[in-house]
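In what follows, a structure is listed as structure tokens, so that the remarks can point back to it.
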Amino acid sequence: MSDRAPSPRVDVCVVGAGPAGALVADRLATAGHDVVVLEAGPRFDPDSREERMERSIRPAGDPRAVWDMGGPRDAYESTGERAYPLNRSRVKGVGGSSLHWQGMVMRLHEADFESATRRGLGADWPIDYADLRPFYADAERALGVAGASDNPFAPPRAEPHPLPAFPPSHSDSLFASACEDLGIATHSVPNARNSEPYDGEGACVGYGTCQPVCPSGAKYDATRHVASAEAAGARVIDRAPVRRLRHDDAGDRVVAAEYTSPDGRRHRQTARQFVLAAGGVEGPRLLLLSRSERYPDGLANSSGAVGKYFHDHLFAGAGGTVDADTRQNHVGFNTTESHQFYEGDGGRIKLEFLNYAGPSPVEQALGADEWGDDLLSSLRDAYGGHLAVGGLVEQLPRAENRVTLSATRTDDRGDPVPEIEWSLGDYERRAIRRANEIQREILDAAGADVQWTVGPDATGPAFHHMGTTRMGTDPESSVVDPRLRAHDLANLTIPSSSAFVTGGAMNPTLTIAALALKAAEHLDADL
Amino acid sequence: MRLTRRDAVVALASAGVAVAAGATLEAPTADDGPIGETERDVLLAVAEVVYPDEVADTRAFVERYVGGRAAERPDWAAGVADAASYLDEYAQSWRDANFADLDAADRDDVLRSMGADTAASDPEGTDVERVRYYLVNDLLYALYASPTGGRLVGIENPQGHPGGTASYQRGEPR
């Protein structure tokens with residue numbers, strides 16, 4: 001038996017070793033269940049992280065190569081109105097995209113769960129904030145969130161964050177007085193990043209390269225819960241892309257996950273329960289690839305909603321310079337933001353006050369066409385007074401934004417690659433313009449000479465893949481039920497951002513983690 | 001501004017080379033693989049061109065940085081050796097001397113004439129692109145990801161250096 005051969009029938013087979021898969025595997029293994037995790041990508045050597053950081057700073061190569069993304073394994077097509085840079089937005093490997101994420105972890109607001117009822121936009125979730133609230137608290141403990149209860153716009157919470165918030169930056173103080181003049185409340189940022197030692201990892205040491213790699217391990221990534229799951233007895237098989245989920249004759253239950261090992265052999269992992277935690281693109285792709293006579297449009301797709309309603313968050317930003325040292329690029333995370341414009345009429349907007357505005361001197365040096373004293377002079381001229389306000393803007397879920405299977409292109413295993421159709425609507429364009437107005441007002445109040453704006457034409461995705469197996473109570477219009485189980489298959493659970501009905505303008509990973517912990521609780525009860 | 005032994009240690013740490021606390025970084029040894037005295041001289045000669053005049057004591061810094069890195073990353077050492085060899089060949093062809101034997105102005109001119117100032121930095125690219133990657137950019141990375149290099153610009157905790165979480169909070173009130 002090779003080290004990637006399947007285990008005898010297990011209690012739970014988890015597809016994907018990112019945060020959702022790792023948390024479910026950890027909880028269920030800890031509860032005494034037999035768990036196998038199948039991960040398409042490799043298990044990265046932790047000792048390679050500093051070298052990967054260097055790759056991220058140096059101009060050589062493609063940014064995707066920091067985590068070895070790209071090539072035939074990861075081929076995709078982007079055919080919508082807007083190009084979607086899929087391989088920049090994800091990592092395949094043990095730890096998943098949390099290896100390169102920024103680590104911002106906010107709860108959705110109460111209103112996000114009732115978008116249709118309150119605003120007539122999008123759709124309501126079948127659960128509300130109160131349902132998810134205990135799992136949010138659990139998720140914050142699991143991820144080691146550093147935060148403070150100083151956000152007057154945040155939903156109610158009963159307990160402090162497990163770690164103290166990172167103190168505000170020097171540039172935050174420049175923004176604070178400007179925002180005070182404008183009547184804009186600012187507050188701390190919840191970070192999945194150790195402000196103190198936590199969960200076996202030390203405090204942040206300030207490498208300044210959080211996204212795409214934290215060499216120290218102070219930023220949470222899912223390898224922590226993979227390790228915990230393995231310590232509890234779970235088996236994690238890397239480089240084992242799942243190519244099909246197979247169901248029983250009646251079409252009621254999944255019976256096996258078929259995967260390929262690097263030697264080209266195909267394997268079948270059988271299990272009592274299956275958990276699809278492969279993200280908002282590969283998750284629906286696998287369901288569509290798993291079509292059968294019983295389910296000709298794809299597994300779990302009686303509603304036709306699999307792959308549809310793909311949505312992300314949009315970046316909006318503005319920046320400039322002031323005649324003062326703003327002390328940027330010491331760290332790679334943010335410490336102040338504002339949710340004041342989250343529930344206004346202009347669309348959901350979350351403002352972020354950047355700690356990494358303007359050029360990083362070392363990156364600039366490595367890309368310069370001069371050296372010696374000339375280079376140093378240029379670096380000094382460029383560094384110093386930059387300020388920037390970024391932000392996330394909500395994208396509404398629309399059926400025409402979707403993930404399908406390419407009719408013309410296959411990956412290195414011969415399977416159709418994901419095809420992404422993605423576009424912006426009027427709602428997003430208006431909200432981005434509104435965000436830009438606010439950002440410019442703040443910069444003006446801070447005395448900045450505004451030099452750039454990222455508006456509706458220049459915007460891009462924040463790499464949050466949501467909506468493609470949406471949650472609901474109606475099997476005619478949704479893919480999973482409120483306990484994250486597929487309507488069509490009694491033993492298939494999909495705890496993922498793909499289950500989001502709407503995404504608000506909050507970074508999604510804390511909600512992914514909360515959903516995963518909720519799903520794990522249901523599965524533990526079933527097993 | 002003097003480059004110190006500690007700068008070499010932190011540059012190594014930033015570059016993914018494990019340096020135990022309190023470890024002594026000796027001058028290079030036979031364990032440095034393909035990087036010998038000739039290669040070291042080339043690196044130092046490049047450093048004297050690409051580093052600003054305010055940097056002093058580059059020899060000890062470069063030798064310690066290179067020695068530690070070569071021991072941990074043999075592929076990198078091989079790339080440096082190949083690039084140094086190409087640079088010497090180029091200097092011999094056009095100036096009838098090894099690169100390190102040229103005066104600083106000529107070294108600067110040789111690097112520019114081959115296009116190392118504008119070349120892409122690519123470890124798997126052309127000869128000149130590898131000179132840019134393994135010689136010019138490696139030395140610039142070592143300097144500007146270190147506190148000493150950062151302080152020259154005004155940032156004491158530059159990206160790539162684990163300088164803690166205090167400096168981002170400091171600044172002059174307006």
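Points worth noting:
- Selection status of A:PRO416, over 22 Å from A:GLN395 (Cα atoms), at pLDDT 95 or above and surrounded by 17 or more Cβ atoms within 10 Å (Cβ to Cβ): yes
- B:GLN169 falls short on exactly one of the conditions (1) out of contact with any Lys or Arg (no Cβ under 8 Å at 6 or more places or on another chain); (2) within 7 Å of another protein chain (Cβ to nearest Cβ); (3) free of Cβ contacts under 8 Å to residues at least 24 places away in the same chain; (4) crowded, with 24+ Cβ neighbours inside 10 Å, and that condition is (4).
- Residue satisfying condition, being closer than 21 Å to A:ARG413 by Cβ, surrounded by fewer than 21 Cβ atoms within 10 Å (Cβ to Cβ) and of a type outside the set (D, E, K, R), within set A:GLY61, A:GLY41, A:GLY93, A:GLY71: A:GLY71
- Residue list for the range A:22-31, filter: open to solvent by 10 Å² or more (accessible area, probe 1.4 Å) and in contact with a strand residue (DSSP E or B) (Cβ under 9 Å, 6 or more places away or on another chain): A:ASP26
- Some residue of the range A:453-475 being closer than 21 Å to A:GLN102 by Cβ, of a type in the set (Ser, Thr, Tyr) and open to solvent by less than 50 Å² (accessible area, probe 1.4 Å): yes
- Residue selected from the range B:69-81 under the condition over 17 Å from B:ASN137 (Cα atoms) and within 14 Å of chain A (Cβ to nearest Cβ), by the criterion surrounded by the fewest Cβ atoms within 10 Å (Cβ to Cβ): B:PRO74
- All positions within the range A:390-413 that are in a strand (DSSP E or B) and surrounded by fewer than 17 Cβ atoms within 10 Å (Cβ to Cβ): A:ALA407, A:THR408, A:ARG409, A:THR410
- Just one residue in the set B:ALA84, B:ALA91 is open to solvent by less than 10 Å² (accessible area, probe 1.4 Å) and touching a residue at least 40 places away in the same chain (Cβ under 8 Å); that residue is B:ALA84.
- A:SER173 being facing another protein chain (nearest Cβ under 10 Å), over 24 Å from the mean Cα position of the chain (by Cα) and surrounded by fewer than 20 Cβ atoms within 10 Å (Cβ to Cβ): yes
- Search result, residues across the range B:120-130 that are over 19 Å from A:ALA65 (Cβ atoms) and either part of a loop (DSSP other than H, G, I, E, B) or not charged (D, E, K, R) (or both): B:VAL128
- Test for A:ALA154: is it assigned to a helix (DSSP H, G or I), modelled with pLDDT of 95 or more and among the small types (Gly, Ala, Ser): no
- Residue list for the range A:217-265, filter: among the aliphatic types (A, V, I, L, M) and part of a loop (DSSP other than H, G, I, E, B): A:ALA218, A:ALA222, A:ALA232, A:ALA234, A:ALA240, A:ALA250
- The range A:373-389 - residue that is facing chain B (nearest Cβ under 8 Å), farther than 24 Å from A:GLN102 by Cα and touching a helix residue (DSSP H, G or I) at 6+ places or on another chain (Cβ under 7 Å) and, of those, surrounded by the fewest Cβ atoms within 10 Å (Cβ to Cβ): A:ARG380
- Within the range B:89-125, the set of residues being more than 14 Å from chain A (Cβ to nearest Cβ) and within 17 Å of the chain's Cα centre (by Cα) comprises B:PHE99, B:ALA100.
- Here B:PRO162 passes the criteria (1) part of a helix (DSSP H, G or I); (2) in contact (Cβ under 8 Å) with a residue 24 or more places away in the chain; (3) open to solvent by 30 Å² or more (accessible area, probe 1.4 Å) except the one numbered (1).
- Checked across the range A:292-300, the condition of being within 21 Å of the chain's Cα centre (by Cα), under 24 Å from A:ASP526 (Cβ atoms), buried (at least 18 other Cβ atoms within 10 Å of the Cβ) and not small (Gly, Ala, Ser) holds for no residue.
- Every pair of residues 6+ apart whose Cβ atoms lie under 6 Å, when the first sits in the range A:47-60 and is over 15 Å from A:GLU363 (Cα atoms) while the second is assigned to a loop (DSSP other than H, G, I, E, B) and β-branched (Val, Ile, Thr): A:ARG49/A:VAL213
- Yes/no for A:ALA458 being under 30 Å from B:TYR134 (Cβ atoms), free of Cβ contacts under 8 Å to residues at least 12 places away in the same chain and part of a loop (DSSP other than H, G, I, E, B): no
- Qualifying residue in the range A:337-347 (condition: closer than 30 Å to A:ALA165 by Cα and outside any loop (DSSP other than H, G, I, E, B)): yes
- Residue, modelled with the highest pLDDT, within the range A:31-81, restricted to residues that are touching a Ser or Thr at 6+ places or on another chain (Cβ under 7 Å), within 14 Å of chain B (Cβ to nearest Cβ) and outside any helix (DSSP H, G or I): A:ARG58
- Those residues of the range A:339-353 which are surrounded by fewer than 24 Cβ atoms within 10 Å (Cβ to Cβ) and within 13 Å of A:GLN439 (Cβ to Cβ), in sequence order: A:GLN340, A:PHE341, A:GLY346, A:GLU352
- Neighbours by Cβ (under 8 Å, 6+ apart or cross-chain): first from the range B:128-153, more than 9 Å from every other protein chain (Cβ to nearest Cβ) and among the basic types (Lys, Arg); second outside any loop (DSSP other than H, G, I, E, B) and surrounded by fewer than 24 Cβ atoms within 10 Å (Cβ to Cβ): B:ARG130/B:GLY79; B:ARG130/B:ASP82; B:ARG130/B:TYR86
- Selection status of A:ALA5, more than 24 Å from the chain's Cα centre (by Cα), away from chain B (no Cβ under 14 Å) and not polar (S, T, N, Q): yes
- Test: residue in the range B:100-115 that is part of a helix (DSSP H, G or I), farther than 26 Å from A:GLN364 by Cα and either of a type outside the set (Phe, Trp, Tyr) or at pLDDT below 95 (or both): yes
- Residues satisfying the criterion are present in the range A:180-191 (criterion: in a loop (DSSP other than H, G, I, E, B), touching a His at 6+ places or on another chain (Cβ under 9 Å) and away from chain B (no Cβ under 14 Å)).
- Counting only residues that are more than 14 Å from chain B (Cβ to nearest Cβ) and either in contact with a strand residue (DSSP E or B) (Cβ under 9 Å, 6 or more places away or on another chain) or modelled with pLDDT of 95 or more (or both), the range A:333-372 holds 12 of them.
- Set A:VAL281, A:VAL322, A:VAL275, A:VAL306: member being within 30 Å of A:LYS219 (Cβ to Cβ) and crowded, with 24+ Cβ neighbours inside 10 Å: A:VAL275
- Residue in the range B:131-146 that is acidic (Asp, Glu) and assigned to a helix (DSSP H, G or I) present: yes
The values are calculated or read from the model by the stated rules, or taken from the named source; none is laboratory data. All of these numbers come straight from a predicted model, not from anything done at the bench. Because the Cβ atoms are built from the backbone with ideal geometry, glycine has one as well, and the counts that use them run over all protein chains shown. Remember, those area values only see protein heavy atoms, side chains included, never the ligands or the DNA or RNA. Shrake-Rupley method; radii C 1.70, N 1.55, O 1.52, S 1.80 Å.
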